[in-house]
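Single-structure report; data block below.
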Amino acid sequence: MRPFIVTELEAGKLPRWGLLALCALYVLPGFIGRDPWRTQDAAGFGIALSMMGGDAADWLMPNIANLPAPSEGPLPFWLAALLGQVVAPLVGEHGGVRLTVVALLTLALVLVWYTTYGLARRPGVQPSDPFGASASQVDYGRALADSGLLVLMATFGLIVRMHETTGEPAQIVWIAAFLFGCTLALDRPAAGAAIAGAAIAATLLSRGAGTAIALVLVLVLLPLACRDYRLVGRRMLPVAVAVALAGALPWPLALSAGSVAERAHLLDWAAWNLGSMSGPTLASLHYFARTVPWFFWPAWPVALWAAWRWRGRWGEPAVALPMLTALALALRALVTPSGAETWLLPITVPLAMLAAMGVPTLRRGIVSLIDWFAVTSFTLFGIAIWAYWIALMTGFPPRMAYRASQLAPGFTPQWIIVEIVLGGLATIAWLALVRWRVSRQPRMIWRAMALSCGGLVLAWFLLMTLWLPVFNERNTYRDVAHGLAAAFDGGEACIETRNLERAPRASFHYFARLRFAARGEQCNWLLIQDEGPTARMTPAPEPGWTPLWQGQRRSDRHERFRLYRRNADAGTPSGRDTPSGRNAPSDQHTLSARNAPSGR
């Protein structure tokens, strides 16, 4: 059964310049002209920074200025550190890491397009053509590939996390590479299986064993669900497993054969993996129930529609592959003890590909509903962005200006001519897209996602141009780090920490070039972080220590930092007062408990 008939006009491809412009506007804003931001962004950058300035142990054991990070696989940060070292003389260390994320995000979009294109060109997906009026195989494949890419870029939950210097953009690449390898294996089993196996190994070295096991499960189930994969399964599965083992084992083997600290890091990483699969719980299920509807919009309703329309042909590779992958990754997300966006992100790739298969079958009324929702919501959002920004700059109307100023208290507004011009051009482009869509009523396959993707890109572009200085002021630790550096006169001396979170630790290491204590190291300096109501109270005296400085970000009254210097007659510190004492609840010792539930 062929589910639909597509005419030549309907399969018209999206102009290449338009698609490339959308991709550029999606990828580049958010990486230019900002500092490391709290929380995941700065923490992820801190791992790469420690590798760039560290030794072999820092490359084997991801850490943030001597704070172990067993919940993070090393591979994304290896890539960031390698490229960062090369380009740091030109763009700085942070610029080098951001450039790595730009490259990874670009690669992910390319892989998604070519994977969808490869699936859409298969005979079982091509539309029926009783009158010889259908589009060519190539044109139809390109139209569906364009649709899949637009769906991915239109997904709400993806855009912010893909612009952080974390391991998440790399994980999206590995999922896309796995799907690309499985698609290629239909024609070239050995080459496709090798790519899929390499993606599984990269996944294990990035997001742990749980996601890698989910991908292996897909390889096992594909021959059972799809006849085309039964023909290549015997050659595909052994190659994929062999490549996955060859790529994944060297790192844990190196840790197991290393020092006591390296073996301890391996055990912590294994414990984190087990902890991340110890669910589900009521808390995690509640989190996913309230997050999934907006996180995967607009991909999930179109993907469900595709599954329904193709219900008699689920054995087609174009349906079976993305559907099985999405289900396996969803199952992996559900077994976590507490919900986190990090487990939802990999699902976006197969969900977008499945939605692409359903886009040509959408009824005209559904397409119009999606279009008008996109036009209404993103136009209002764009108006709000401009209105509050103008209020912040001019002080009128006063109520709006006050609300806008609360995003970054103490921020001094400055007119930014280039950003205003760029924002104005983006707004004009959005209005032109809306006018074109409404006036011409184009019947192209990808029309259903054009406005959703364009609207999200517009909103993101405006936020990352007009509002970038405000967000940077709100989320950076630059000023606090400079104040801390001015008060610290210990030179190369080490600093012990208490309750210092990962983001400020990475930022202080970057901006102030402070050297934080390794595990068990005793120092003459102590940095304490207070959170919640404690940050607004007068701190109690620290016996044996002299207070020298305290500071906080102007935008956060619930966070405070205090610097102390040990008294000359203080002697050995007690475990109660310093994180390096034998019985101290140090940052290092509490890391696993802090990160195990959420995957962070």
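Structure notes:
- Long-range neighbours under 6 Å by Cβ, at least six apart or interchain, first residue open to solvent by 30 Å² or more (accessible area, probe 1.4 Å) within segment 170-193, second of a type in the set (Ser, Thr, Tyr): Trp174/Thr203; Phe180/Thr115
- Residue that is modelled with the lowest pLDDT, among those in segment 15-37 that are open to solvent by 20 Å² or more (accessible area, probe 1.4 Å) and assigned to a loop (DSSP other than H, G, I, E, B): Pro15
- Counted residues, segment 52-76 - those being touching a residue at least 24 places away in the same chain (Cβ under 8 Å) and over 14 Å from His265 (Cβ atoms): 4
- Elements of the type helices (runs of 4 or more DSSP H) sitting completely within segment 115-232 and holding at least 2 residues that are within 30 Å of Leu28 (Cβ to Cβ) and either touching a Cys at 6+ places or on another chain (Cβ under 9 Å) or not hydrophobic (A, V, I, L, M, F, W, C) (or both): these cover 137-154, 168-184, 189-207.
- Hey, Ala257 of a type in the set (A, V, I, L, M, F, W, C) and touching a residue at least 24 places away in the same chain (Cβ under 8 Å) or not: no
For (1) part of a loop (DSSP other than H, G, I, E, B); (2) charged (D, E, K, R); (3) modelled with pLDDT of 90 or more, each residue gets a yes or a no:
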{"residue": "Glu521", "(1), (2), (3)": "yes, yes, no"}
{"residue": "Thr538", "(1), (2), (3)": "yes, no, yes"}
{"residue": "Thr546", "(1), (2), (3)": "no, no, yes"}
{"residue": "Phe561", "(1), (2), (3)": "no, no, yes"}
{"residue": "Thr572", "(1), (2), (3)": "yes, no, no"}
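- Under the condition of being in a helix (DSSP H, G or I), out of contact with any strand residue (DSSP E or B) (no Cβ under 9 Å at 6 or more places or on another chain) and among the small types (Gly, Ala, Ser), the residues counted in segment 45-59 number 2.
- From Ile383, Ile370, residue being surrounded by 15 or more Cβ atoms within 10 Å (Cβ to Cβ), aliphatic (A, V, I, L, M) and in a helix (DSSP H, G or I): Ile370
- With respect to the conditions (1) of a type in the set (A, V, I, L, M, F, W, C); (2) surrounded by 14 or more Cβ atoms within 10 Å (Cβ to Cβ); (3) in contact (Cβ under 8 Å) with a residue 60 or more places away in the chain; (4) over 20 Å from Ala176 (Cα atoms), Leu266 falls short on a single one, namely (3).
- Scanning segment 388-404 for residues that are open to solvent by 40 Å² or more (accessible area, probe 1.4 Å) and in a helix (DSSP H, G or I) yields Tyr388, Ile390, Thr394, Pro398, Arg399, Met400, Tyr402, Arg403.
- Filtered by the rule that a residue be more than 17 Å from Val151 (Cα to Cα), among the aromatic types (Phe, Trp, Tyr) and not in a loop (DSSP other than H, G, I, E, B), segment 415-461 gives Trp430, Trp436, Phe461.
- Any hit, segment 88-110, residues being surrounded by fewer than 20 Cβ atoms within 10 Å (Cβ to Cβ), basic (Lys, Arg) and either out of contact with any His (no Cβ under 7 Å at 6 or more places or on another chain) or closer than 26 Å to Thr155 by Cα (or both): no
The values are calculated or read from the model by the stated rules, or taken from the named source; none is laboratory data. On a predicted model such as this, the values are computed, not experimentally measured, just so you know. Neighbour counts run over all protein chains shown; Cβ positions are idealised from the backbone, glycine included. These area figures cover heavy atoms from the full protein model, side chains too; ligands, DNA and RNA do not enter into them. Shrake-Rupley method; radii C 1.70, N 1.55, O 1.52, S 1.80 Å.
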